[in-house]
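Everything on this sheet refers to the single structure shown next.
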Amino acid sequence: MKLVVAIVHNEDAGALVDALLEREYRTTRLHSSGGFLKQSNATVLIGVEDERVEDVLGIVRDNCHARTQLVNPMPPIMEPGEFFMPYPLEVEVGGATVFVVPVERFERL
Ligand code: 2BA
């Protein structure tokens, strides 16, 4: 058994969980936030048999889309008289960041 941990955009999480549920995968959706952008995203946990991992990854691929987001860079430490014009930077946030982790033991008690 594997635990698939998928960090996805908030806007994709609902459709992803619905699509997984439709195929009878059990999921848990956690509210999370990215360390870099500090914006909220969603972490979806899916416990699944080894032979169904690729099917789950396909569903993640079909439902999660890459986006570009604008970030305002941190201003540098300025000397008196210096001037800093903050230009927003474009960052591509992937469709999904996925970890597939082996599960040592699974029980529903
Ligand atoms: P964030 O940490 O908010 O990162 C959002 C996007 O910013 C990233 O997209 C990446 O394009 C960019 N980025 C992140 N750190 C950067 C850095 N040090 N320098 C330049 N650009 C940087 P993704 O790579 O698609 O990641 C989306 C979200 O997935 C991340 O949000 C984070 O919540 C999670 N994530 C990504 N890689 C991870 C990892 N190795 N471990 C844990 N969580 C991860």
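The values are calculated or read from the model by the stated rules, or taken from the named source; none is laboratory data. Values in this document were obtained by computation on a predicted structure and should not be read as measured data. Methodologically, a virtual Cβ is constructed for each residue, glycine included, from the backbone with ideal geometry; neighbour enumeration extends over all protein chains shown.
For the range 53-65, how many residues are in contact (Cβ under 8 Å) with a residue 12 or more places away in the chain, away from the ligand (no atom under 13 Å from the Cβ) and under 14 Å from residue 19 (Cβ atoms)?
7
Hey, residue 48 hits all of (1) surrounded by 16 or more Cβ atoms within 10 Å (Cβ to Cβ); (2) within 10 Å of the ligand (Cβ to nearest atom); (3) aliphatic (A, V, I, L, M) but one; which does it fall short on?
Among (1) surrounded by 16 or more Cβ atoms within 10 Å (Cβ to Cβ); (2) within 10 Å of the ligand (Cβ to nearest atom); (3) aliphatic (A, V, I, L, M), the lone unmet condition for residue 48 is (2).
What number goes with the only condition from (1) within 16 Å of the ligand (Cβ to nearest atom); (2) at negative phi that residue 38 does not pass?
(2)
Can you spot a residue in the range 74-91 that is within 20 Å of the chain's Cα centre (by Cα) and either at pLDDT 85 or above or within 30 Å of residue 17 (Cα to Cα) (or both)?
yes
Tally time: how many residues in the range 66-109 are part of a strand (DSSP E or B) and either away from the ligand (no atom under 16 Å from the Cβ) or not polar (S, T, N, Q) (or both)?
Number of matching residues: 14.
Which count do you get for residues in the range 1-20 that are closer than 17 Å to residue 38 by Cα and either part of a strand (DSSP E or B) or touching a Phe, Trp or Tyr at 6+ places or on another chain (Cβ under 8 Å) (or both)? Before you say what the answer is, go through the steps one by one.
Going through the range 1-20, the residues closer than 17 Å to residue 38 by Cα turn out to be 7-11.
With the extra rule that they be either part of a strand (DSSP E or B) or touching a Phe, Trp or Tyr at 6+ places or on another chain (Cβ under 8 Å) (or both), the set shrinks to 7-8.
The number of residues fulfilling the criteria is 2.
With the requirement that a residue be of a type in the set (Lys, Arg) and either under 15 Å from residue 94 (Cβ atoms) or at pLDDT below 95 (or both), what does the range 17-45 give you?
Residue satisfying the conditions is 38 alone.
Any chance the range 20-27 includes a residue that's acidic (Asp, Glu), at positive phi and surrounded by fewer than 18 Cβ atoms within 10 Å (Cβ to Cβ)?
Yes.
What number of residues within the range 13-35 satisfy the criterion of being of a type in the set (Gly, Ala, Ser) and more than 14 Å from the ligand (Cβ to nearest atom)?
3
Do we find a residue being closer than 30 Å to residue 46 by Cα, in contact (Cβ under 8 Å) with a residue 60 or more places away in the chain and loosely packed, with under 10 Cβ neighbours inside 10 Å anywhere in the range 92-99?
The first filter runs over the range 92-99 and keeps only residues closer than 30 Å to residue 46 by Cα, leaving 92-99.
From the residues that got through so far, the ones that are in contact (Cβ under 8 Å) with a residue 60 or more places away in the chain too are 93, 95-99.
Subset that is loosely packed, with under 10 Cβ neighbours inside 10 Å: none.
Checking the range 92-99: not a single residue is closer than 30 Å to residue 46 by Cα, in contact (Cβ under 8 Å) with a residue 60 or more places away in the chain and loosely packed, with under 10 Cβ neighbours inside 10 Å.
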